[in-house]
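The values are calculated or read from the model by the stated rules, or taken from the named source; none is laboratory data. All of these numbers come straight from a predicted model, not from anything done at the bench. Positions of Cβ are backbone-derived with ideal geometry, glycine not excepted, and every protein chain shown enters the neighbour counts. The area values use the complete protein model at the heavy-atom level, side chains included, leaving out ligands, DNA and RNA. Shrake-Rupley method; radii C 1.70, N 1.55, O 1.52, S 1.80 Å.
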Amino acid sequence: WYPDGESLLYASRMKSASQRFSQLYRTSRNGGHPERLPLAYAEHAALSGDGEQLVFQTLTREFRTWKRYRGGMAPDLWMIDFTTGESRRLTDDDANDSLPMLHRDTVYFLSDRDRRKRANLWALDLAGGDPRRDGYAVAF
């Protein structure tokens, strides 16, 4: 949901050039035509409290059987600021960084970047610094 409670954010392949990639849309809770967000492709995402920033992953590998995968399809996290149109990469690791959640100035996400390559909850302060393991999640 958008912070105003009037719109819903969702991913869909309905107008994607490839069934491998989704795009993000905003639609009114009352229905109507969805508005595609200005991203070529994106999957799981989280909005900031004011709705002006979005943390997202460009690809998804959730529910696949490629545990501990390290390669070009391993997702990183990105952030876009809708007021300036600027985007930046938040993570740059060969691990799988996914399912972002944004709370104040911290992004929480799942990653298998630890030495055992098991998915755990990680945190990244938007002000800077390295990701830190923040707890344990269900390993996949």
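Share of region 1-115's accessible area from carbon and sulfur, percent, 1.4 Å?
C and S fraction of accessible area: 46 percent.
On a per residue basis, the chain carries 60 Å² of accessible surface, using protein heavy atoms and a 1.4 Å probe.
Grab the eigenvalues of the alpha-carbon gyration tensor for the chain, scale each by 5, take roots, and send me the semi-axes largest first in whole angstrom.
So the three semi-axes of the chain are 25, 18, 13 Å.
Here D81 and D114 are evaluated by their C-beta separation; at R0 = 41 Å the FRET efficiency comes out at 0.85.
For the listed peptides 76-84, 107-115, 125-133, a ranking on the average number of other beta carbons within 10 Å per residue, highest first, reads 107-115, 76-84, 125-133. Sequence gap at least 6, Cα distance under 8 Å: using those rules, report the relative contact order of the chain to the nearest whole percent. Value for the chain: 14 percent.
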